[in-house]
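None of the figures in this text is laboratory data; all of them are computed from the coordinates on show. Everything numeric in this text was worked out from a predicted model, so none of it was measured. All Cβ positions, even for glycine, are placed from backbone atoms using ideal geometry, and neighbour counts span all protein chains on display.
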Amino acid sequence: MKKAYETLHRILFPFSICLLAASLIFFLIKLKGLPDETGIHFGPDGKFDVVASKFYGFYPHIIGGLVTAGIAFAEHCIKKSKTGLDLSEDGEVLFKNELKLTLDTILILVNVVFAHWSYCVVMQKPLNLNFLGIIVKIALVIVFTGIGMQ
């Protein structure tokens, strides 16, 4: 069971990083074609509400990188420290693995949102709020399922 969790972690975390990297590469490829003043932020209706230099389009990648680094640090801390709960050794390993997989899944969803944001900036299209609503619902289900399992 421990190997299955570790294998999933070794697939999900790099996948999340690759997703963000692919988004950055796409942005860099399209950067020259963007106008100097580009829509970079969206209002509650999904339409652009901030127009600024196209270089502000790096925000989703910077924020995504910071979130990824934060989750990597959290997973490192989870791996290295004791939970302090009254669990058997197997129970503690299971608890830690479930927590890491929950964080990996949330990270993928967060990076999907940032990749979508970057895509909308590059293509100068409004944000698809239905898509984001689905992502938020999936994230909430994962969080509550993880909490319930733990």
Distance (nanometres) between label positions extended 7 Å along Cα→Cβ at Phe55 and Cys18: 3.2 nm
Lysine pairs in region 55-150 with Cα atoms under 15 Å, if 8 or more residues apart or on separate chains: 6
GNM top mover of Thr68, Thr38, Thr83 - the chain, alpha-carbon springs below 10 Å: Thr83
Rg(Cα)/(2.2 N^0.38 Å) for the chain, N = residue count: 1.23
Restricting region 1-106 to trypsin sites (Lys or Arg not before Pro) in coil, as DSSP defines it, with at most 14 other Cβ within 10 Å: Lys47, Lys82
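Only helices at least 20 Å long along their own axis, judged from Cα atoms, and with Kyte-Doolittle mean hydropathy of 1.6 or greater: name those in the chain from DSSP H. Show your work: numbers first, answer last.
Values: long enough: 2-30 (42 Å, 1.10); 59-80 (31 Å, 0.65); 89-123 (51 Å, 0.81); 129-149 (30 Å, 2.21).
Span-like helices, by this rule, are 129-149.
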Gain upon complete extension [Asn130, Ala74; 0.36 nm per residue less C-alpha separation]: 17.1 nm
